[in-house]
Amino acid sequence: MSPRAVYRHVVHTIRHAPEGGITYEAFCAAPDCGAESGAHSEQEAAQDWALRHTGRTGHDLFRRVFTDHAKVTRAE
């Protein structure tokens, strides 16, 4: 007797999980700088860091990263 496999496709959804929170970061994009704000739970903290960095260095281009957590649930 040969082994058998049964596949069943189940619909899932993925949504933001508020309990995981959101983190905000800013990274200086000026050549050879590499400065970064670090992760913050408030967007204003990362933005304030970028403004201070611009004031100190004159660098005016940043990469912003927003990270959240997602939860996958089975649709019923």
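The values are calculated or read from the model by the stated rules, or taken from the named source; none is laboratory data. From a predicted model like this one, the values you see are computed outputs, not experimental measurements. Quick reminder, even Gly has a Cβ in these numbers, built from the backbone with ideal geometry, and neighbours come from all protein chains shown. Side chains are part of the model used for accessible areas, which takes the heavy atoms of the whole protein and leaves out ligands, DNA and RNA. Shrake-Rupley method; radii C 1.70, N 1.55, O 1.52, S 1.80 Å.
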query = Do we have any residue at all in the stretch 32-45 that's touching a strand residue (DSSP E or B) at 6+ places or on another chain (Cβ under 9 Å) and part of a strand (DSSP E or B)?
reply = yes
inquiry  = Return the pair list, or none, for Cβ contacts closer than 8 Å from residues in the stretch 36-62 that are under 16 Å from ILE22 (Cβ atoms) to residues that are in a loop (DSSP other than H, G, I, E, B), at least 6 apart or on different chains.
reply    = SER41/GLY21; ALA45/SER37; ALA46/SER37
query = Which ones in the stretch 35-76 are open to solvent by less than 60 Å² (accessible area, probe 1.4 Å) and farther than 30 Å from ARG15 by Cβ?
reply = ALA35, HIS53, THR54, GLY58, HIS59
remark   = If we ask which residues in the stretch 1-54 are within 28 Å of THR73 (Cα to Cα) and more than 18 Å from the chain's Cα centre (by Cα), their number turns out to be 10
